[in-house]
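First the structure, in the form of structure tokens, and then the observations on it.
The values are calculated or read from the model by the stated rules, or taken from the named source; none is laboratory data. Please read all numbers here as calculations on a predicted model, not as lab measurements. Every residue, glycine among them, receives a Cβ derived from its backbone with ideal geometry; neighbour counts consider all protein chains shown.
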Amino acid sequence: MSNTLGKLFTFTSFGESHGKGIGGIVDGCPSGIELDEEYIQNELNRRRPGQSAISTPRKEADKVEFLSGIFEGKTTGTPIAFIIWNENQHSTDYDHLKEVYRPSHADYTYQQKYGIRDHRGGGRSSARETASRVVAGALAKLALKKLGVEITAYTSQVGHIAMTKTANLSLIESNVVRCPQPEIAEQMIQYIAELKQEGDSIGGIISCMIKGVPVGWGEPIFDKLQSRLAQSMLSINATHGFDYGRGFEGVSLRGSEMNDSLIKDGDKVSTKTNNSGGIQGGISNGQDIYFRVLFKPVATISKKQNTLDIHSNEVELEAKGRHDPCVLPRAVPIVEAMAAMTLLDLWLSKTPEIL
């Protein structure tokens, strides 16, 4: 398996949904970063299960324990190891899946590739693994903060319900769905609650805004900033699409409408518009970077579905266990974390300095 992200700032995750715990090892983190444990724990709290009526009822404290790489409250530049102990596994809830493949899940493909799979909550394929990403991403965000870089993600669409105006980012945490348009958020919450009652699920879109990235981050050809961001985002469970700037909307525009004209802004060079989403030629151009990530409906639902068992017999499956009817509210901090790790890694490749 490919369990490591990054080249200079690297993150390796380990653990399964119903194992003893999950965790990770971060290598290449700059030394001297003050470890704000309260901030890191708050990031985990934004992702943890059981935080609202529209998320999985699984109860996990998700308390992170750092094992190495920290001295007197600061990073030392050596590998940072951490663990989050699993405390609320209901593994027997998944006994009925030992010999059944869930539709659109990783069950069949994992079994065929590795010859073995952990049926308890999906094992390694479970989104529980992403809690480790949030810890590593929080470390990266603390480093980026010293560089003046801010990353903010939010839910902009759930199913057919989409935001209708520019976001007031200060309102993101004002509701459980993490949509900064309160009246739209209420519609989203009601829709998700209805689908949960029906035993169904829904997908949507998370938007992300990154401010403070100067000109020059990203490499030409194979390590373009947008391609590295896309890889990171599409590694998150249930993602099915990524676009940046005007994205797919740009296909209906002419070149004269899409192009970002260069202008003089005091002593600096800027652009009149930002249709490129802050990236040109695979390199940041100093403007705000913005992108969207599309999430599909959660694959595991409690509605009856037709599928096959491991003997290729046709069976009817009614999945049990604890699942999110919509992953978006809890995926917001994951998107931020993946963006932070990607950006810090690219910054180190450009300017490997001590912060």
- Residue that is nearest to residue 320 (Cα to Cα), among those in segment 180-200 that are touching a residue at least 40 places away in the same chain (Cβ under 8 Å) and in contact with a Lys or Arg (Cβ under 9 Å, 6 or more places away or on another chain): 199
- Message: From the list 245, 250, exactly one residue is farther than 19 Å from residue 337 by Cα and touching a helix residue (DSSP H, G or I) at 6+ places or on another chain (Cβ under 6 Å). Which is it?
- Response: 250
- Evaluate the following for residue 146: is it touching a Phe, Trp or Tyr at 6+ places or on another chain (Cβ under 9 Å), within 18 Å of residue 336 (Cα to Cα), in contact (Cβ under 8 Å) with a residue 40 or more places away in the chain and not hydrophobic (A, V, I, L, M, F, W, C)? no
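Condition check ((1) among the acidic types (Asp, Glu); (2) in a loop (DSSP other than H, G, I, E, B); (3) farther than 27 Å from residue 320 by Cα; (4) at pLDDT below 90) across all residues:
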| position | (1), (2), (3), (4) |
| --- | --- |
| 77 | no, yes, yes, no |
| 84 | no, no, no, no |
| 105 | no, yes, no, yes |
| 121 | no, yes, no, yes |
- Message: Looking at segment 270-309 only, could you name the residues that are at pLDDT 95 or above and β-branched (Val, Ile, Thr)?
- Response: 271, 273, 279, 283, 289, 293
- Hey, residue 38 hits all of (1) assigned to a helix (DSSP H, G or I); (2) closer than 22 Å to residue 155 by Cβ; (3) over 20 Å from the mean Cα position of the chain (by Cα) but one; which does it fall short on? (2)
- Query: Going by the conditions given, is residue 122 closer than 14 Å to residue 43 by Cα and crowded, with 23+ Cβ neighbours inside 10 Å?
  - Reply: no
- Tally of residues being buried (at least 24 other Cβ atoms within 10 Å of the Cβ) and outside any loop (DSSP other than H, G, I, E, B) across segment 301-329: 2
- Message: Yes or no: segment 334-354 includes at least one residue that is in a loop (DSSP other than H, G, I, E, B) and either of a type in the set (D, E, K, R) or over 30 Å from residue 10 (Cα atoms) (or both).
- Response: yes
- Item | Complete set of residues in segment 196-218 that are crowded, with 20+ Cβ neighbours inside 10 Å and among the hydrophobic types (A, V, I, L, M, F, W, C) | 202, 206, 208, 210, 213, 217
